[in-house]
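To keep things clear, I will list the structure first and then write my remarks on it.
The values are calculated or read from the model by the stated rules, or taken from the named source; none is laboratory data. In this text the structure is predicted, and so the values were computed from the model without any measurement. Don't worry about glycine lacking a Cβ; one is built from the backbone with ideal geometry, like all the others, and counts go over all protein chains shown.
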Ligand code: PGA
């Protein structure tokens, strides 16, 4: 399957005009012979304006139901607006209180809506230093996927995102090497195997996210065997995001 490359714009850019401009710039620069799927995940308020304009769009989060839930946006709503993908369990949402239990509800709701959830897991610097990476990944995977059938799981994409390698943050510590990404991808596959068996583990798609740029992207695919990326900082400049995509022509 072709790599999946997700632009996570986070809380950027600062206006709808800028969002349109960035989106158009990326669309215009898309290589014709691209052998990857590019998905743009802007803030909720820009989704409608970008929907149906030639590139796949996704949401950065969603809530599991409609109703009296101030400030939330339901999966069913992002589906209606044209999203096909939703990032779930990003570390920046976990830091703000998103628990494994809530992430589990969000994943289930995405599956009900036939959205593809991109389920993020990853350890903090503190956890890494305390040698807790394996334990954290296991807990996040088992908690997030609780009660989800093998059939449901097959529609989920996992993203390994070491929190300490996410750019532009106070907690940024270092780029994660392809070797480390590979070890963690294999750990993730091990826990998937425990839940769903060997075949599901082999087929599972695992992306990598954390300071991806046009120079380091290819080694993650070639050396770590990841199936694509979540790109944060470098997705905010059309030229830089396109330079990443150009690795996959
Ligand atoms: P980054 O962000 O590429 O800026 O490190 C990735 C992410 O947080 O998804």
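With respect to the conditions (1) away from the ligand (no atom under 14 Å from the Cβ); (2) part of a loop (DSSP other than H, G, I, E, B); (3) more than 25 Å from residue 114 (Cβ to Cβ), residue 173 falls short on a single one, namely (1). In segment 138-156, how many residues are surrounded by 21 or more Cβ atoms within 10 Å (Cβ to Cβ) and either touching a strand residue (DSSP E or B) at 6+ places or on another chain (Cβ under 7 Å) or over 20 Å from residue 107 (Cβ atoms) (or both)? Counting residues in segment 138-156 that are surrounded by 21 or more Cβ atoms within 10 Å (Cβ to Cβ) and either touching a strand residue (DSSP E or B) at 6+ places or on another chain (Cβ under 7 Å) or over 20 Å from residue 107 (Cβ atoms) (or both) gives 3.
When you scan segment 8-31, do you find a residue that is part of a strand (DSSP E or B) and closer than 30 Å to residue 137 by Cα, even just one? Lay out the reasoning, then the answer.
Residues of segment 8-31 that are part of a strand (DSSP E or B), as a first pass: 8.
Add one more test, that the residue is closer than 30 Å to residue 137 by Cα, and what stays is 8.
Looking for residues that are part of a strand (DSSP E or B) and closer than 30 Å to residue 137 by Cα, one finds at least one in segment 8-31, hence yes.
Looking across 19, 74, 59, 38, one residue alone is modelled with pLDDT of 95 or more, closer than 21 Å to residue 234 by Cβ, more than 13 Å from the chain's Cα centre (by Cα) and crowded, with 17+ Cβ neighbours inside 10 Å. It is 19.
How many residues, within segment 89-115, are in a helix (DSSP H, G or I), within 13 Å of the ligand (Cβ to nearest atom) and under 15 Å from the mean Cα position of the chain (by Cα)? Show your work before the answer.
Step one: list which residues in segment 89-115 are in a helix (DSSP H, G or I), which gives 91-95, 100-112.
Remaining after also requiring within 13 Å of the ligand (Cβ to nearest atom): 91-95.
With the extra rule that they be under 15 Å from the mean Cα position of the chain (by Cα), the set shrinks to 91-94.
The number of residues fulfilling the criteria is 4.
Here the condition is being more than 16 Å from the ligand (Cβ to nearest atom) and in contact with a strand residue (DSSP E or B) (Cβ under 6 Å, 6 or more places away or on another chain); of 45, 78, 118, 86, it holds for 78 alone.
Being within 15 Å of the ligand (Cβ to nearest atom) and closer than 21 Å to residue 208 by Cβ narrows it down to one residue among 2, 8; which is it?
Values: 2 fails: within 15 Å of the ligand (Cβ to nearest atom).
Exactly one of 2, 8 is within 15 Å of the ligand (Cβ to nearest atom) and closer than 21 Å to residue 208 by Cβ, namely 8.
Could you list, ordered by first residue, the pairs with Cβ atoms under 6 Å in which the first is in segment 110-130 and under 30 Å from residue 170 (Cα atoms) and the second is assigned to a loop (DSSP other than H, G, I, E, B) and away from the ligand (no atom under 13 Å from the Cβ), at least 6 apart or interchain? Final answer for the pair search is 117/156; 119/156.
For the structure I just gave you, tell me whether residue 182 is within 18 Å of the chain's Cα centre (by Cα), more than 16 Å from the ligand (Cβ to nearest atom) and assigned to a helix (DSSP H, G or I).
Answer is yes for this residue.
Being surrounded by 17 or more Cβ atoms within 10 Å (Cβ to Cβ), within 16 Å of the ligand (Cβ to nearest atom) and either assigned to a helix (DSSP H, G or I) or at positive phi (or both) is the filter here; which residues of segment 192-226 pass it? 210, 211, 217, 220, 221 - these are the residues of segment 192-226 that are surrounded by 17 or more Cβ atoms within 10 Å (Cβ to Cβ), within 16 Å of the ligand (Cβ to nearest atom) and either assigned to a helix (DSSP H, G or I) or at positive phi (or both). Just to be sure before I move on: is residue 67 within 22 Å of residue 210 (Cβ to Cβ), away from the ligand (no atom under 16 Å from the Cβ), over 15 Å from the mean Cα position of the chain (by Cα) and not in a helix (DSSP H, G or I) in the structure I sent? No: the conditions fail for residue 67.
Under the condition of being closer than 14 Å to residue 206 by Cβ and not in a helix (DSSP H, G or I), the residues counted in segment 117-153 number 7.
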